[in-house]
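Engineer: Just dropping this structure here.
The values are calculated or read from the model by the stated rules, or taken from the named source; none is laboratory data. Treat the numbers as computed from the prediction; the structure is a model and nothing was measured. Positions of Cβ are backbone-derived with ideal geometry, glycine not excepted, and every protein chain shown enters the neighbour counts. Areas reflect the complete protein model, heavy atoms only, side chains present, ligands, DNA and RNA absent. Shrake-Rupley method; radii C 1.70, N 1.55, O 1.52, S 1.80 Å.
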Amino acid sequence: MNIAAFLFPYFVMMSAPSSTIRLRRLNMDNSWEIHWGEERILLDPWLIGPEIDGFKQFNMQWLSQPAVALDQIAEPNRIVISQPYSDHCHELTLHEMPSTVNIEGVDRAIKRLTKQGFSGVGAIGDFDESLKVTVMRPYKAKPPLYEALVISWNNDYIFYAPHGFSLHPSQMEAFKDKTCRLLITTFTDFRLPFFLGGVINPGADAALKLAQQLGAEYVTNTHDDAKPGKGLVLKLAKVEYPNWDMIVFSPPQKRLVAENYDWMEI
C-alpha cells in the first residue's frame, strides 16, 4: 500500500485553512472582529471615547454601552476602515492599536489618517494578505458616498455594507458563481435633510433586498445602535430603528443574531 498516497488527503486537510468564519461585535454599533483562516481582522474599530463629525456642535455621539476592552482583543493581522467618518475611522482608537499592524481603508479614510500622521496605512489591496478585500463603490457617485467592502476567500465572501448598498445589475457580475456566506448591513432608516446628506441608512427593506440580491446565507445587522449624543445632526435626523418582530427573512437567508459580544461561528 502507498502510505504517502493514503496520508496525502489527511495532510491537505490539516494544512488547509479552515473555511469557518468566527466573528463578534466589538461595540454595539459598528465595530467587528473577524477570524477567517489565519487572519484576524478588525473592521472599523471604535472602542473608546466619542465620535465627533466636524465639530461637537454639529455631531457628537457616544456608544450606548462600553465596547470590548482593548486588552481583550488579540493583536489583529490587519485593520480595515470602510468609511472616512469618525464612527468608522476613529483616530483615538487607532492610536491605541499596535504600531506594527497595517491599516488599510477606502481612499478618503487613508487620506484622513495620513493627514493625521498615521504610519503603516494604505489603500485596500496595498498589502499582501491571504484574505482579499475589495471596495464596492456606489454606481451613482453622488454625496454622501458610502462604500461597501467584500472580504473574500476563494469563492466565499462576506459583504460588509454598514450604510446599506444598492447593487446595480452590472455590479452583480462580480458575484456570479460565488457564495455570500454573510451579509453585515444596517437595518435602520436614518434620514437627514438633503443639504446634510439625505438618506444615511436606507432601512430594513433595503437590507432584505440586498440579502436577496446576494443570496446571502446569513445576515447580521450593524450600525443600528441608538447612540446618545448632541448636535445639529441628531436634532434634524428622522430615525426608525429595526423592529425585529416585523422583519421577515426569505429563505435561504438566516438571521445571525448578534446582541452581545459573544463569538459566533458560521
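Engineer: Tell me yes or no: at least one residue of segment 137-152 is more than 18 Å from the chain's Cα centre (by Cα) and hydroxyl-bearing (Ser, Thr, Tyr).
Structural biologist: Of segment 137-152, the ones more than 18 Å from the chain's Cα centre (by Cα) are 139-143.
This time we only want the ones that are hydroxyl-bearing (Ser, Thr, Tyr), so: 139.
Within segment 137-152 (the criterion being more than 18 Å from the chain's Cα centre (by Cα) and hydroxyl-bearing (Ser, Thr, Tyr)), the answer is yes, since at least one residue qualifies.
Engineer: While we're here: Is it true that VAL80 is assigned to a loop (DSSP other than H, G, I, E, B) and modelled with pLDDT of 95 or more?
Structural biologist: Numbers: assigned to a loop (DSSP other than H, G, I, E, B): no; modelled with pLDDT of 95 or more: yes.
Considered against the rule, which asks whether it is assigned to a loop (DSSP other than H, G, I, E, B) and modelled with pLDDT of 95 or more, VAL80 comes out as no.
Engineer: MET97 is checked against (1) surrounded by 14 or more Cβ atoms within 10 Å (Cβ to Cβ); (2) under 30 Å from PRO193 (Cβ atoms) and fails just one. What number does that condition carry?
Structural biologist: It fails just one condition, (2).
Engineer: Return only the number of the condition from (1) within 24 Å of LEU232 (Cα to Cα); (2) touching a helix residue (DSSP H, G or I) at 6+ places or on another chain (Cβ under 7 Å); (3) not charged (D, E, K, R) that GLN116 does not satisfy.
Structural biologist: Exception for GLN116: condition (1).
Engineer: Given LYS254, LYS209, LYS235, which one is of a type in the set (D, E, K, R) and either over 20 Å from the mean Cα position of the chain (by Cα) or buried (at least 18 other Cβ atoms within 10 Å of the Cβ) (or both)? Reasoning before the result, please.
Structural biologist: Numbers: LYS254 fails: either over 20 Å from the mean Cα position of the chain (by Cα) or buried (at least 18 other Cβ atoms within 10 Å of the Cβ) (or both); LYS209 fails: either over 20 Å from the mean Cα position of the chain (by Cα) or buried (at least 18 other Cβ atoms within 10 Å of the Cβ) (or both).
Going through LYS254, LYS209, LYS235 in turn, the sole match is LYS235.
Engineer: Collect the residues in segment 168-201 that are open to solvent by less than 30 Å² (accessible area, probe 1.4 Å), more than 22 Å from TYR241 (Cβ to Cβ) and modelled with pLDDT of 95 or more, keeping them in residue-number order.
Structural biologist: CYS180, ARG181 - these are the residues of segment 168-201 that are open to solvent by less than 30 Å² (accessible area, probe 1.4 Å), more than 22 Å from TYR241 (Cβ to Cβ) and modelled with pLDDT of 95 or more.
Engineer: So which residues in segment 128-145 are farther than 21 Å from LEU23 by Cβ and either crowded, with 16+ Cβ neighbours inside 10 Å or aromatic (Phe, Trp, Tyr) (or both), if there are any at all? Spell out the reasoning first.
Structural biologist: Step one: filter segment 128-145 for residues farther than 21 Å from LEU23 by Cβ, giving 128, 137-145.
PRO138, TYR139 - these are the residues of segment 128-145 that are farther than 21 Å from LEU23 by Cβ and either crowded, with 16+ Cβ neighbours inside 10 Å or aromatic (Phe, Trp, Tyr) (or both).
Engineer: Here is a further query. In segment 94-121, how many residues are hydrophobic (A, V, I, L, M, F, W, C) and assigned to a loop (DSSP other than H, G, I, E, B)? Give the derivation first.
Structural biologist: Keep residues of segment 94-121 that are hydrophobic (A, V, I, L, M, F, W, C), which gives 94, 97, 101, 103, 106, 109-110, 113, 118, 121.
Narrowing the set further to residues that are assigned to a loop (DSSP other than H, G, I, E, B) leaves 97, 101, 106, 118.
Counting residues in segment 94-121 that are hydrophobic (A, V, I, L, M, F, W, C) and assigned to a loop (DSSP other than H, G, I, E, B) gives 4.
Engineer: Do we find that TYR85 is in a loop (DSSP other than H, G, I, E, B), closer than 23 Å to ASN59 by Cβ, open to solvent by 30 Å² or more (accessible area, probe 1.4 Å) and out of contact with any strand residue (DSSP E or B) (no Cβ under 6 Å at 6 or more places or on another chain) in this structure? Outline the logic, then answer.
Structural biologist: On the way: in a loop (DSSP other than H, G, I, E, B): yes; closer than 23 Å to ASN59 by Cβ: yes; open to solvent by 30 Å² or more (accessible area, probe 1.4 Å): yes; out of contact with any strand residue (DSSP E or B) (no Cβ under 6 Å at 6 or more places or on another chain): yes.
Yes: the conditions hold for TYR85.
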